[in-house]
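What follows is a set of notes on a single structure, which appears directly below.
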Amino acid sequence: MGFLNQLLKYKKVCIQCHNCPDADALAAAYGVYTYLKLHDIKASIIYGGEREIQKKDLLYMLNICEIPAEYVKELPDTELLLLVDGQYGQGNVYHFDADNIVVIDHHMPFMKKTPQTLIDNSYQSCSTIVWELLKEEGYDVKANRGLSIAFLYGLYTDTSSYVDLYKKNDIAMRDELRDDYPELERLKKSCMSLEDLMIAGEALHHAYFDQDKQYLLISAMHCEQSVLGIIGDMAIKVDVAKISIAYTDIDSGYQISVRSADRDYLANKVAAKLCDGIGNGGGHMDKAGGVISRDCISEQYAGWEIADIIKERMETIME
Ligand SMILES: [Mn+2]
């Protein structure tokens, strides 16, 4: 029996994406949703957190792929809470009280392994995992145009526009699903607003470089996480930079985005250490992110600027 097959015993399932869902979370959720709907299960796609999706590309994706993602403050009545692209208890996954949890994720394992968790960080996107699960159940993904576009865009955004795509299974999905989709081409070219472009330019113009430890620290005006990622992706291409850290303010504190060009300082480790005790960080070895909580720093670092907190922590991390 496949992993998805075990879900058919439920009548109502809530599929939860991490806060500020990205294309990969939405696509993975939609894949599971499609399977459950096919078997007449009452399924919904939800997310919580600070705000509703605002990014133009994601709104366009929800529209063309017909993904019914809902922003909620409370967990709707459900028998099962199924998390995609994130894990229960993590900082970027809004906490809803639930007893019955299933997790499908491709980040570093944070939860204990159980029959209800499928966490494999050897995958570059959660979409690829769900694509494989659907194939295992005999579902023809390629015949579903909207889902194919969603999976491809999820993988595309999680691999820096396929530039970092290198894993066998992820490449297999790209190769199988790829086709001439004008909507996908438009999606790929809609991930920044004009304002984001100005914010990125301004942020890069004022980048701080630590000569001794060889890292870049970049402060950006309030922007989406994906824009921070674009800034970080560009900054880490600098020859002398081992690490780049871009950050921006969000309601609850600061969003950070870490890139690594040096195996001695893995991005997920750096992000975890930067946020240790004052937030939550993690991700992949070359790309990671995190959130530093304003409440936590006002206790532990009263009167400190965020840049100084990061600099002090980087001194220790890169010793
Ligand atoms: Mn992902």
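Values in this text are rule-based calculations from the coordinates and carry no lab data. As the structure is a prediction and not an experimental result, all values here were calculated from the model. All Cβ positions, even for glycine, are placed from backbone atoms using ideal geometry, and neighbour counts span all protein chains on display.
Quick notes
- Working from Cα pairs under 8 Å separated by at least six residues, relative contact order for the range 1-143 is 26 percent.
- Inter-centroid distance (Cα atoms) of the range 292-319 relative to the range 179-227, Å: 23 Å
- Residue by residue, the range 131-138 carries 3J(HN,Hα) couplings of 4, 5, 4, 5, 4, 4, 8, x Hz when phi is fed to the Karplus relation 6.51 cos²θ - 1.76 cosθ + 1.60 (θ = phi - 60°); x denotes Gly or Pro.
- Efficiency of FRET from Cβ geometry, L8 and E66, R₀ 30 Å, rounded to 0.05: 0.85
- A Gaussian network model of the chain, with springs between Cα atoms under 10 Å, assigns the largest mean-square fluctuation among I231, I64, I243 to I64.
- Taking a ≥ b ≥ c as the square roots of the Cα gyration tensor eigenvalues, the range 225-288 comes out oblate, since a/c reaches at least 1.5 and a/b does not exceed b/c.
- Relative contact order of the chain, pairs being alpha-carbon contacts under 8 Å that are 6 or more residues apart, as %: 13 percent
- Highest-first arrangement of 195-208, 287-300, 126-139, where packing means the average Cβ count within 10 Å: 126-139, 287-300, 195-208
- Per-residue ³J(HN,Hα) for the range 186-194, Karplus 6.51 cos²θ - 1.76 cosθ + 1.60, θ = phi - 60°, Hz, x for Gly and Pro: 5, 4, 4, 10, 10, 8, 10, 8, 4
- Taking the chain as a Gaussian network of alpha-carbon nodes connected by springs under 10 Å, the highest mean-square fluctuation of the residues L58, L38, L81 belongs to L38.
- Cut-off 10 Å between beta-carbons: net charge of the residues surrounding M1, Lys and Arg +1, Asp and Glu -1: -2
- Close amide-amide hydrogen proximity is noted between I250 and Q255, each under 5 Å apart and 5 or more residues distant or on a separate chain (H modeled in the peptide plane; Pro and chain starts excluded).
- Ranked list, fewest to most other Cβ atoms within 10 Å of each Cβ, for V270, V93, V258: V93, V270, V258
- The Cα atoms of the chain give a gyration tensor whose axes a ≥ b ≥ c have a/c of 1.5 or more with a/b greater than b/c, which makes the shape prolate.
- Tensor-based shape of the range 30-156 (alpha-carbon gyration tensor, a/c under 1.5 rounded, otherwise prolate or oblate): rounded
- Between G253, G48, G303, the Gaussian network model of the chain with springs among Cα atoms under 10 angstrom shows the greatest mean-square fluctuation at G303.
- Filter on K9/K42; K168/K237; K37/K135; K167/K273; K37/K142 - keep pairs with C-alpha separation over 21 Å: K168/K237; K167/K273
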